[in-house]
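Scroll down for the structure; my scribbles are underneath it.
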Amino acid sequence: MYQQKYYQNDLIEKHLGLMRRRGRLKETQVKEYRRELRTMLKDLSDAGLRCTPKLIGEKEIEWLINEHWQGLSVKTKRWKLTVLNGFLKRHRNPVIAEMQLGWPRSDRVNVEWLTPEEAVTLMDAAVGVERIVVHLELHLGLRRCEVQRMKLSDIGQGWFRVMGKGKGEGKPRTIAWAPETYAELPAWLEERERIIEDARKRSGKDLADPESLVIYWHSGRLAGYSDSGLDLVMERAVNRSGIDKPGLHHRNRRTWGRCTMEAAGKDNQKALLIVSEAYGHEDLKQTRQYLGLPIDELQEVQEKRAEYLERIRERMKKGLPPEKNFSIRISQ
């Protein structure tokens with residue numbers, strides 16, 4: 001495993017060095033490209049897929065686009081794929097070019113979300129660490145990276161400080177607890193203490209308490225979860241729930257927003273503002289796209305249009321005059 005990692009890192013360094021010498025990569029970009037390539041190969045390996053540059057095929061590319069990067073904007077996906085494509089082409093692997101991928105303007109609205117019944121089922125199926133992870137995403141709308149970054153010091157009385165997307169530790173924002181948090185958080189903190197005590201007993205060492213809220217103990221290691229580790233946690237909960245839909249973390253986050261909007265009823269405009277703030281979005285348009293609201297609203301308008309024309313058809317069959325003067329109505 002370690003030899004494979006070092007071998008891959010060596011291939012990445014040679015690739016980046018060549019791009020830099022040829023003037024295709026600025027010195028300031030090297031670190032970012034290195035991180036992206038290392039992460040992609042590791043994620044493929046962790047998923048049990050091929051991660052050798054010459055062997056990466058359509059299955060691996062489709063997994064990255066449709067599953068691992070689900071919820072990311074098209075612009076971000078295309079950039080990541082461009083970084084990977086250059087690396088694969090150096091190893092004479094034309095798979096990305098041969099796939100002739102088509103990209104819509106935005107695919108955020110196509111990402112799945114859970115029905116209210118499925119949301120309840122998922123929470124009820126979660127056990128142990130799964131419960132706090134599902135709660136943070138499904139009841140509070142957090143991203144996977146925000147769950148991973150959350151520390152004990154980020155917990156207030158009735159609120160959390162969330163470190164969102166962005167450089168370093170991310171852009172901070174504050175969110176209120178959900179009613180369920182008052183039960184789920186103490187239950188997890190108690191379980192967390194049990195994990196630490198068990199780790200110290202088994203290791204025979206006075207292990208330091210990790211700063212992370214969500215932690216694990218395995219093979220002599222007491223630490224916070226990585227992103228891929230949180231994926232495995234969520235996969236176990238989803239498999240136990242019997243829900244068969246694509247997506248994991250972003251699906252939960254989106255479901256929180258959808259359920260919040262639905263529960264708001266007539267106050268949905270106020271709810272949209274609150275949801276947008278809680279998500280850490282820059283504007284309401286981003287939130288509406290994220291929740292798939294434009295598609296839903298278009299479908300609703302289409303249904304009303306079809307009903308309207310059907311009503312006109314019935315009036316015509318009965319020989320009735322026009323319902324209204326259409327040209328006058330439009331001009332007004």
* Return yes or no: is residue 329 exposed (fewer than 12 other Cβ atoms within 10 Å of the Cβ), modelled with pLDDT of 75 or more and basic (Lys, Arg)? => no
* Every residue from the stretch 221-265 that is part of a loop (DSSP other than H, G, I, E, B), surrounded by 19 or more Cβ atoms within 10 Å (Cβ to Cβ) and under 13 Å from the mean Cα position of the chain (by Cα) -> 247, 248
* Asked: Condition test on residue 61, is it out of contact with any strand residue (DSSP E or B) (no Cβ under 6 Å at 6 or more places or on another chain), crowded, with 19+ Cβ neighbours inside 10 Å, farther than 17 Å from residue 247 by Cα and of a type in the set (Val, Ile, Thr)?
  -> no
* To do: Could you tell me whether any residue of the stretch 215-226 is among the hydroxyl-bearing types (Ser, Thr, Tyr), modelled with pLDDT under 90 and either closer than 20 Å to residue 250 by Cα or out of contact with any Lys or Arg (no Cβ under 8 Å at 6 or more places or on another chain) (or both)?
  => yes
* **Count of residues meeting criterion [of a type in the set (D, E, K, R) and within 14 Å of the chain's Cα centre (by Cα)] in the stretch 127-142** => 1
* **residue 323 vs. criteria among the charged types (D, E, K, R) and either modelled with pLDDT of 70 or more or not in a loop (DSSP other than H, G, I, E, B) (or both)** => no
* Structure fact -> From the option list 23, 17, single residue qualifying as assigned to a helix (DSSP H, G or I) and not aliphatic (A, V, I, L, M) is 17
* Do we find a residue being under 22 Å from residue 254 (Cα atoms), part of a loop (DSSP other than H, G, I, E, B), basic (Lys, Arg) and in contact (Cβ under 8 Å) with a residue 40 or more places away in the chain anywhere in the stretch 172-184? -> no
* Asked: Taking the condition more than 28 Å from residue 243 (Cα to Cα), part of a loop (DSSP other than H, G, I, E, B) and not acidic (Asp, Glu), does residue 207 pass?
  -> yes
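The values are calculated or read from the model by the stated rules, or taken from the named source; none is laboratory data. Computed from a predicted structure; not experimentally measured. A quick note on method: Cβ atoms are made from the backbone with ideal geometry, for glycine too, and the neighbour counts reach across all protein chains shown.
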